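Quick notes on the structure that follows.
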Amino acid sequence: MTDTAETSTAAGRETALVRSFVHARTGEECLDDDDDFFELGAVSSLFAMELITFLEREFSLTIDVDDLVADNFRSISACAAFVGRRRRP
């Protein structure tokens, strides 16, 4: 498998895992990958902390204070992209 194919497969897996978590926690199956959770009012600050904890545990990441920027976590796609950046330098 090429590096591009491996990256694409990993990105798809990351997106699917984040999507599953978000849908389970919010009950919002209709959220699209690019929908802004916060703008839509679909989540709370507690959800944000649960999301951070999920990402750290599921993907073996340490999320630093400098990473706590809304743009990293505002949608399923944003979360998956953040994970990808952190996992693949």
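FYI, it's all coordinate maths here, none of it is from the lab. Fair warning: this is a prediction, and the values are worked out from it, not measured in the lab. Cβ: placed from backbone, ideal geometry, glycine included. Neighbour counts: every protein chain shown.
Once you wrap a convex hull around the alpha carbon atoms of the range 3-87, what is its projected area averaged over all directions, in nm²?
Average projection, Cα convex hull of the range 3-87: 5.3 nm².
Only four residue types carry charge here, +1 at the Cβ of Lys and Arg and -1 at the Cβ of Asp and Glu. Report the dipole size of the range 3-87 about the Cα centre in Debye, rounded to the nearest 20.
280 debye
Output the 0 to 90 degree angle, nearest 10, between the alpha-carbon long axis of helix 76-87 and the longest principal axis computed from the alpha carbons of the chain.
40 degrees
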